[in-house]
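First up is the structure itself, then whatever we jot down about it.
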Amino acid sequence: MSQEVRVRFAPSPTGPLHMGGVRTALYNYLFARRHGGKMILRIEDTDSQRFVPGAEEYIIESLKWCGIEIDEGVGVGGPHAPYRQSERKEIYLKYAKQLVEAGWAYYAFDTAEELDVLRKDAEAAGQTFAYNYTVREKLPTSLSLSKEEVEERIARGDIWVVRFKMPENEVVEMDDLIRGHVKVNTSTLDDKVLYKSADALPTYHLANIVDDHLMEISHVIRGEEWLPSLPLHYLLYRAFGWQDSQPQFAHLPLLLKPTGGGKLSKRDGDKMGFPVFPLFWTSPTGETAHGYREDGYFAEAFVNMLALLGWNPGTEQEIFSMQELIDNFSLDRVSKSGARFQPDKAKWFNAQYMHHKSDEELAELYQPILRENGVETTDELAGKAAGIMKERATFIGDLWDLTSYFFVAPTTYDEKQTKKYWKGENPARLKELREVLASIDDFSKENTEAVVGAWIAEKEYGMGQIMNTLRLALVGAGKGPGMYDVTAFIGKEECLKRIDYILENLKPIE
Ligand code: GLU
């Protein structure tokens, strides 16, 4: 790529960032890194009505958690600062006026009531009202009023907006890096508001184009919901005379519900029990939403899963580190059609990352849970226990249930297992086994297995009965890894203690 790649993630702080938004940020980041370019974070907060306190902080924390680094923008600074649109307020009016002067836009003074009348008239005639070439000259606009009247209205403080003067019956031809060549007839489009005097703020369309231009954005990679705005954006570049340096566009496919039909929403998550947001969220009014982080997902697994929702590497590979994603990512492998989210696949990714963690990494993640459960142990033992059982875990939170008996002796016993094994000759044989274990000096997994195995063979006892009875004594249930993993882990003294405890406290089943 000859031109410097500069991409931006431009969220509006209207609530928690949806996982679809995180994917947009991720693809921008991968594209920037792949091409040695810059990733910019711009906060588009010009819609004061939809502004939600805390949303911006949430966005920044989410990106950080995912490992999506910002080179320039809010929280980082850079040559085009400020990057928060509300702090760039003064910039936009000049551009709105420039469009009016060039005949590409006009002032409109109509009131909500006037528009309502027109809307109702249209409905009565069985039509939908559109603010476009059919009405703009009939309404009080700078197209219908004299120059003097327009100036007078503005001077006396009337409320006005600047609207784009969408050409009538012109075909706009556009190129999208994912969708290819797209054509739209302008007669199907309306005259969008670009600037509002009421709050002295631009709308999304004007601020977005002006900022992309001033910030020298080379590629706009964003969600498919913005595709209908593309003709207007093309025309705005033309109206400003910036078409030669306008960015290239790529509109990403939607994330679809697990059932396939429609956009993935928070409601789907609530219904089916999966998060649609990266982090736990509490709204200013106290509503909450689940987050991947708090639900126990690893950031790397979440990112890996998201990367493959809409992009494919062209191979069978599914596990990618961030660096591998950067090395492999390209927009031409992003699909045109929506990507269906599968909650089980998200869990699968997490399990894969879980299984690849070293004992040291696991220890660090597991220690807080052990402490919460009143267990004080070394990192070595915490990591070892987690390492033995990680293949059966999807989340770090699963480990306690899978490994608690390594640290805490059972005092209650699983009913089903008790009924099955704590009867007949088993308690007496466990007593015999106790003596065999007591005689072993080298309590390593291999040696204990060899000694106990030889004893069972010599006595011609049933291996299953003996082992399951021992499991009941040491684990308190029918679960757990190989028995000799447990004996070696807890050691001889603890083994004998647990056996003594069950012999003394659990009444055999008649
Ligand atoms: N502020 C818009 C949003 O919230 C940005 C769209 C764009 O990237 O142009 O999605």
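Could you tell me the relative contact order of region 1-125? Use alpha-carbon pairs under 8 Å, at least six residues apart, and round to a whole percent.
Numbers: 132 pairs, mean separation 29.5, N = 125.
RCO, region 1-125: 24 percent.
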Net charge near Lys497: determine it from the other residues with C-beta under 15 Å of the C-beta of Lys497, scoring Lys and Arg +1 and Asp and Glu -1.
-1
Return the long-range amide H neighbours of Lys423 (sequence gap of 5 or more, or a different chain), with a cut-off of under 5 Å between placed amide H atoms.
Ile509
Taking the Cα atoms only, what angle lies between the long axis of helix 112-124 and the longest principal axis of the chain, rounded to 10 degrees?
80 degrees
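With a ≥ b ≥ c the root eigenvalues of the C-alpha gyration tensor of region 127-217, is it rounded (a/c under 1.5), prolate (a/b larger than b/c) or oblate?
Numbers: a/c = 2.78, a/b = 1.43, b/c = 1.94.
Oblate.
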First check a/c for region 1-70, with a ≥ b ≥ c the square roots of the eigenvalues of its C-alpha gyration tensor; if it is under 1.5, answer rounded, and if not, answer prolate when a/b is larger than b/c or oblate otherwise.
prolate
Quick one: compute the contact order of the chain, relative version, from alpha carbon pairs under 8 angstrom and 6+ residues apart, as a percent.
12 percent
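Please label the shape of region 199-302 as rounded, prolate or oblate, based on the square roots a ≥ b ≥ c of the eigenvalues of the alpha-carbon gyration tensor (a/c under 1.5 means rounded; beyond that, a/b larger than b/c means prolate, else oblate). Please list the in-between numbers first.
Details: a/c = 2.45, a/b = 2.07, b/c = 1.18.
Judged from the Cα gyration tensor, region 199-302 comes out prolate (a/c at least 1.5, a/b above b/c).
Taking every pair of Cα atoms in region 255-337, average 1/r, invert it to obtain the Kirkwood radius, and report Rg/Rh to two decimals.
1.02
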Highest mean first, how do 500-507, 432-439 rank when packing is the count of other Cβ atoms within 10 Å averaged over residues?
432-439, 500-507
Extension gain from Ala112 to Ser337, taking 0.36 nm per residue of separation minus the Cα-Cα distance
77.2 nm
What do you get for Rg/Rh over the chain if you use C-alpha atoms and the Kirkwood form of Rh?
1.18
Vicinal HN-Hα couplings computed from phi for region 85-96 (Karplus, 6.51 cos²θ - 1.76 cosθ + 1.60; Hz; Gly/Pro x)
4, 5, 8, 10, 2, 5, 5, 6, 4, 4, 6, 4
Taking the Cβ of Asn426 as the center, what net charge do the other residues with Cβ under 11 Å away carry, scoring Lys and Arg +1 and Asp and Glu -1?
+2
Just to confirm the number: angle between the C-alpha axis of helix 55-66 and the first principal axis of the chain, 0 to 90 degrees, nearest 10?
50 degrees
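Quote the charge dipole size of region 61-151 about the Cα centre in Debye, to the nearest 20; the model charges only the Cβ of Lys and Arg (+1) and of Asp and Glu (-1). Walk me through the intermediate numbers first.
On the way: 11 positive and 17 negative charges, 31 e Å.
Rounded to the nearest 20 debye, it is 140 debye.
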Compute the acute angle (0 to 90°) between the alpha-carbon long axis of helix 230-240 and the principal axis of greatest extent of the alpha-carbon atoms of the chain; round to the nearest 10°.
50 degrees
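Ranked highest first by average number of other Cβ atoms within 10 Å, how do 266-272, 59-65, 298-304 line up? Let's see the in-between values first.
Values: 266-272: 14.3, 59-65: 20.0, 298-304: 21.9.
The most tightly packed comes first, giving 298-304, 59-65, 266-272.
Defining a contact as two alpha carbons under 8 Å apart and six or more residues distant in sequence, what relative contact order in percent does region 182-321 show?
Numbers: 118 pairs, mean separation 18.6, N = 140.
Dividing the mean separation by the residue count of region 182-321 yields 13 percent.
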Long pairs among Lys416/Lys492; Lys94/Lys196; Lys479/Lys507; Lys384/Lys492; Lys64/Lys266, criterion Cα-Cα beyond 24 Å
Lys416/Lys492
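Which peptide among 114-124, 331-341 comes first, and what is the full order, when sorted by highest mean count of other Cβ atoms within 10 Å?
Averaged packing, sorted descending, gives the order 331-341, 114-124.
None of the figures in this text is laboratory data; all of them are computed from the coordinates on show. For clarity, every value in this text was computed on a predicted model and none was experimentally measured. So basically every Cβ, Gly included, is an ideal-geometry build from the backbone, and we count neighbours across all protein chains shown.
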